[in-house]
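K.L.:
I'd like to ask some things about the structure below.
The values are calculated or read from the model by the stated rules, or taken from the named source; none is laboratory data. Every value quoted in this text rests on a predicted model; they were computed, and no experiment measured them. Side chains are part of the model used for accessible areas, which takes the heavy atoms of the whole protein and leaves out ligands, DNA and RNA. Shrake-Rupley method; radii C 1.70, N 1.55, O 1.52, S 1.80 Å.
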Amino acid sequence: MVIEQDKHYSKAVIEPMKYMCLSFTREEFMGFIKGNILKYSLRAPYKGQETEDRRKATWYSELLDTLEANPSKSLMECFKIFKRNNGLD
């Protein structure tokens, strides 16, 4: 699944997801990812942008899959793999 990256995230000094990869433990980061999957999945039918929320839930699910498939790699390495696989680099 190719996902377009929102431009506002790349305007900061460091992309927020990269900062989280550097700052969070693996457990914290995976908890954040799981929370976002749940949030976007549950609110999708009610917020008026169901397609967009389902797209975001899928994005986070695929990132979680990448993390789980690469347990010996750092969070940053996993995020780079994920971005490369989704045409975001």
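One line per residue, one yes/no per condition, for (1) open to solvent by less than 100 Å² (accessible area, probe 1.4 Å); (2) at pLDDT 95 or above; (3) at positive phi:
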| residue | (1), (2), (3) |
| --- | --- |
| Val2 | no, no, no |
| Gln5 | yes, no, no |
| Lys11 | no, no, no |
| Ile33 | yes, yes, no |
| Ser41 | yes, yes, no |
| Lys47 | no, no, no |
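K.L.:
Residue by residue through region 49-75, note down the ones that are open to solvent by 80 Å² or more (accessible area, probe 1.4 Å), not in a helix (DSSP H, G or I) and not hydroxyl-bearing (Ser, Thr, Tyr).
P.N.:
Pro71
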